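One structure below.
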Amino acid sequence: MTRYTHGQHPTVTDSYRWRDAENSVAYALDEMVPGRSLLDVGCGPGSVTVDLARRVAPGRVTAVDVSAEAVELARATAREAGVEGIEFLVADVHDLALPEGSFDVVHAHQVLQHVADPVRALSRMRRLAAPGGVVAVCDSDYSGMYWYPRLPELEEWMRLYQRVARRNGGEPDAGRHMLAWARRAGLEDVTYVAEVWNHSAPQDRAWWGGMWARRILESDMGRQALEEGEATREDLERISAGWKAWSEEPDGVFVVPRGAILCRV
Ligand SMILES: C[S@@+](CC[C@H](N)C(=O)[O-])C[C@H]1O[C@@H](n2cnc3c(N)ncnc32)[C@H](O)[C@@H]1O
């Protein structure tokens with residue numbers, strides 16, 4: 001059993017609302033065509049789910065998340081966006097009890113890095129995809145992230161995140177594991193795609209840096225780091241100040257590499 005490192009604090013879930021099909025699922029957009037059925041695993045607050053649902057309409061869409069809180073947020077996102085008909089379920093991807101072969105597209109974004117057994121999760125996703133369908137999965141790779149300037153507080157943040165995520169049973173460098181996990185899960189026709197998020201324009205920098213400056217103090221990751229003796233309050237305050245300084249740095253660059261797999265079943 002893993003513990004979800006980020007939790008559902010608004011500093012976390014609000015940051016996911018920036019995500020949409022274009023900026024997060026570009027590698028699989030050709031598969032998201034009208035009429036296809038879609039399963040979105042680990043939907044979180046649902047901004048990606050809702051955008052994908054618009055693309056596959058009138059196709060059937062099911063969204064699942066292990067967190068009931070996340071499912072409620074996703075339901076509200078769909079309601080606010082006026083997107084109807086998405087079926088929402090609270091379930092763990094490892095034992096997802098849905099009919100085998102029942103979806104044209106089985107998708108997960110930023111989920112496998114948090115699960116106890118990514119190979120078992122992928123194997124379950126493979127069985128839920130219909131023959132001729134696809135499994136499309138993408139995750140960041142923390143060790144591959146780079147930024148400028150190389151503020152020591154951000155290096156400290158990275159080391160702390162890695163420790164907390166691994167303690168929770170996750171794999172923060174999931175992006176580079178994706179092809180190996182897919183093949184171990186029995187997926188044979190797999191294309192590996194590398195993509196990036198680039199948070200280096202002034203507005204993005206202010207948003208991303210400001211978000212982490214708050215998130216490290218207020219969300220589950222900071223709380224877990226304190227509880228587990230991985231950091232002190234002073235450490236978190238210092239890291240938060242580092243993020244704020246980075247967000248105000250006119251030459252600041254932050255790049256998040258993401259590893260994706262598109263698997264034909
Ligand atoms: C980083 S969020 C990504 C949310 C959304 N896919 C997005 O990209 O905005 C990861 C989500 O996966 C969910 N999750 C973690 N472990 C899971 C599991 N074993 N089964 C299903 N969902 C899980 C978490 O509750 C969380 O909402």
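The values are calculated or read from the model by the stated rules, or taken from the named source; none is laboratory data. The shown structure was predicted, so the numbers you read here are calculated from the model rather than taken from an experiment. As a convention, Cβ positions derive from the backbone with ideal geometry for all residues, glycine included, and neighbour counts pool all protein chains shown.
Which count do you get for residues in region 115-161 that are part of a helix (DSSP H, G or I), touching a residue at least 12 places away in the same chain (Cβ under 8 Å) and more than 16 Å from the ligand (Cβ to nearest atom)?
Number satisfying all stated conditions: 9.
Can you tell me how many residues within region 2-13 are out of contact with any Ser or Thr (no Cβ under 6 Å at 6 or more places or on another chain) and away from the ligand (no atom under 11 Å from the Cβ)?
Qualifying residue count for the region: 1.
Take region 243-265 and flag every residue that is farther than 21 Å from L112 by Cβ and within 24 Å of the chain's Cα centre (by Cα).
If the condition is that a residue be farther than 21 Å from L112 by Cβ and within 24 Å of the chain's Cα centre (by Cα), then W243, K244, W246, S247, G252, V253, F254 are the ones that fit.
Report the residue count in region 2-48 for those that are farther than 16 Å from G222 by Cβ and β-branched (V, I, T).
Residues flagged as farther than 16 Å from G222 by Cβ and β-branched (V, I, T) within region 2-48 amount to 5.
Step by step: first the residues of region 165-201, then only those that are part of a loop (DSSP other than H, G, I, E, B) and over 18 Å from the mean Cα position of the chain (by Cα), then the one that is farthest from D117 (Cα to Cα). Which residue is that?
A201
Could you look through region 20-30, keep only residues that are crowded, with 20+ Cβ neighbours inside 10 Å and near the ligand (Cβ under 10 Å from one of its atoms), and pick out the one that is nearest to the chain's Cα centre (by Cα)?
S24
What number goes with the only condition from (1) surrounded by 15 or more Cβ atoms within 10 Å (Cβ to Cβ); (2) at pLDDT 95 or above that D189 does not pass?
All conditions are met except number (1).
Would you mind stating whether R126 is in contact with a Leu (Cβ under 6 Å, 6 or more places away or on another chain) and surrounded by fewer than 21 Cβ atoms within 10 Å (Cβ to Cβ)?
Against the criterion (in contact with a Leu (Cβ under 6 Å, 6 or more places away or on another chain) and surrounded by fewer than 21 Cβ atoms within 10 Å (Cβ to Cβ)), R126 qualifies.
Could you list, ordered by first residue, the pairs with Cβ atoms under 8 Å in which the first is in region 100-114 and more than 12 Å from V265 (Cα to Cα) and the second is among the polar types (S, T, N, Q) and modelled with pLDDT under 95, at least 6 apart or interchain?
If the second residue must be among the polar types (S, T, N, Q) and modelled with pLDDT under 95, the pairs left are H114/T2; H114/T5; H114/N168.
Scanning region 167-185 for residues that are at pLDDT 95 or above and of a type in the set (K, R), which turns out farthest from R3 (Cα to Cα)?
If we take residues in region 167-185 being at pLDDT 95 or above and of a type in the set (K, R), then R183 is farthest from R3 (Cα to Cα).
Just a yes or no: is a residue in region 41-48 free of Cβ contacts under 8 Å to residues at least 60 places away in the same chain, in a helix (DSSP H, G or I) and out of contact with any Phe, Trp or Tyr (no Cβ under 9 Å at 6 or more places or on another chain)?
Checked region 41-48: no residue is free of Cβ contacts under 8 Å to residues at least 60 places away in the same chain, in a helix (DSSP H, G or I) and out of contact with any Phe, Trp or Tyr (no Cβ under 9 Å at 6 or more places or on another chain).
Can you find even one residue in region 223-242 that is of a type in the set (A, V, I, L, M), surrounded by 15 or more Cβ atoms within 10 Å (Cβ to Cβ) and out of contact with any helix residue (DSSP H, G or I) (no Cβ under 7 Å at 6 or more places or on another chain)? It would help to see each step written out before you state the result.
Initially, region 223-242 is screened for residues of a type in the set (A, V, I, L, M), giving 225-226, 231, 236, 239, 241.
Narrowing further to those that are surrounded by 15 or more Cβ atoms within 10 Å (Cβ to Cβ): 225, 231, 236, 239.
Narrowing the set further to residues that are out of contact with any helix residue (DSSP H, G or I) (no Cβ under 7 Å at 6 or more places or on another chain) leaves none.
Within region 223-242, not a single residue is of a type in the set (A, V, I, L, M), surrounded by 15 or more Cβ atoms within 10 Å (Cβ to Cβ) and out of contact with any helix residue (DSSP H, G or I) (no Cβ under 7 Å at 6 or more places or on another chain).
Can you tell me which of E80, E100, E31, E72 is charged (D, E, K, R) and either modelled with pLDDT under 95 or in contact with a helix residue (DSSP H, G or I) (Cβ under 8 Å, 6 or more places away or on another chain) (or both)?
E100
Any chance you could count how many residues in region 39-69 are in contact with a His (Cβ under 9 Å, 6 or more places away or on another chain) and farther than 16 Å from V111 by Cα?
1
Return the total of residues in region 53-108 being of a type in the set (V, I, T), assigned to a strand (DSSP E or B) and crowded, with 18+ Cβ neighbours inside 10 Å.
So the count comes out to 5.
Would you tally the residues in region 31-51 being under 20 Å from G101 (Cβ atoms) and near the ligand (Cβ under 10 Å from one of its atoms)?
Restricting attention to region 31-51, the residues satisfying the condition of being under 20 Å from G101 (Cβ atoms) are 31-33, 35-41.
Now narrow it down to the ones that are near the ligand (Cβ under 10 Å from one of its atoms): 40-41.
Number satisfying all stated conditions: 2.
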